[in-house]
Amino acid sequence: MPNKRRPTTDAIRILERRYYSGRPDRLADLEKARLHARLAQEIYARRKAMGLSQAELARRAKTSVSAICRLEDADYDGHSLNAVMRVLTALNRRLEFKSVPLTRLSGRPA
């Protein structure tokens with residue numbers, strides 16, 4: 001007898017089943033979007049906490065104001081690791097790399 005899925009009313013679980021289950025390409029896109037959003041939020045929050053304008057941060061990081069604006073945009077996906085490192089250094093931060101298992105939308109391991 002085939003395995004039947006248990007019914008659910010959990011919207012996140014329904015979206016996970018419908019759009020991500022068994023589709024590693026979609027899950028990879030989701031993880032990429034999460035990373036970009038988190039990076040944008042971190043840069044914006046740190047800049048604001050230090051009381052810097054985008055122009056001041058750009059000057060400190062030796063980049064353009066438009067580059068800072070793009071880095072603070074969660075939808076931008078053309079991040080250069082060198083640019084990110086310069087901006088984080090100007091914000092007195094460093095980037096740490098950590099590899100973790102992919103998770104489902106619900107936060108449970110995939």
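The values are calculated or read from the model by the stated rules, or taken from the named source; none is laboratory data. Because the structure is predicted, anything quoted here is derived from the model rather than measured. Here the Cβ is made from the backbone with ideal geometry for all residues, glycine too, and neighbour counts use every protein chain on show.
Is there a residue being basic (Lys, Arg), surrounded by 13 or more Cβ atoms within 10 Å (Cβ to Cβ), touching a residue at least 24 places away in the same chain (Cβ under 8 Å) and outside any helix (DSSP H, G or I) anywhere in segment 10-28?
no
Ala28 - would you say it is touching a Leu at 6+ places or on another chain (Cβ under 9 Å) and either farther than 16 Å from Ala74 by Cα or of a type in the set (Gly, Ala, Ser) (or both)?
Working: touching a Leu at 6+ places or on another chain (Cβ under 9 Å): yes; either farther than 16 Å from Ala74 by Cα or of a type in the set (Gly, Ala, Ser) (or both): yes.
The answer is yes for Ala28.
Please verify whether Arg47 is under 18 Å from the mean Cα position of the chain (by Cα), surrounded by 12 or more Cβ atoms within 10 Å (Cβ to Cβ), among the basic types (Lys, Arg) and at pLDDT below 95, treating the condition exactly as stated. Before the answer, list the steps.
On the way: under 18 Å from the mean Cα position of the chain (by Cα): yes; surrounded by 12 or more Cβ atoms within 10 Å (Cβ to Cβ): yes; among the basic types (Lys, Arg): yes; at pLDDT below 95: no.
Judged against the criteria, Arg47 is not a match.
Is segment 93-108 home to any residue that is surrounded by 13 or more Cβ atoms within 10 Å (Cβ to Cβ), hydrophobic (A, V, I, L, M, F, W, C) and at pLDDT below 95? Working first, answer last.
Kept after step one, since they are surrounded by 13 or more Cβ atoms within 10 Å (Cβ to Cβ), are these residues of segment 93-108: 93, 103-105.
Restricting the remaining residues to those that are hydrophobic (A, V, I, L, M, F, W, C) gives 105.
Checking the rest, the ones that are also at pLDDT below 95 come to 105.
Yes, segment 93-108 contains a residue that is surrounded by 13 or more Cβ atoms within 10 Å (Cβ to Cβ), hydrophobic (A, V, I, L, M, F, W, C) and at pLDDT below 95.
Starting from residues that are under 13 Å from the mean Cα position of the chain (by Cα) and among the aliphatic types (A, V, I, L, M), keep the ones in segment 58-83 and report whichever is farthest from Lys48 (Cα to Cα).
So in segment 58-83, the residues under 13 Å from the mean Cα position of the chain (by Cα) come out as 71-79.
Remaining after also requiring among the aliphatic types (A, V, I, L, M): 71, 74.
Details: Leu71: 14, Ala74: 16 Å.
Of everything passing the filter in segment 58-83, Ala74 is farthest from Lys48 (Cα to Cα).
What number of residues within segment 50-105 are outside any loop (DSSP other than H, G, I, E, B) and of a type in the set (Ser, Thr, Tyr)? Reasoning before the result, please.
From segment 50-105, those outside any loop (DSSP other than H, G, I, E, B) are 54-61, 65-71, 81-90, 103; that's our starting set.
Subsequent filtering for residues that are of a type in the set (Ser, Thr, Tyr) retains 66, 89, 103.
Going through segment 50-105 one residue at a time, the tally reaches 3.
Return the total of residues in segment 16-32 being over 16 Å from Val100 (Cβ atoms) and under 12 Å from the mean Cα position of the chain (by Cα).
1
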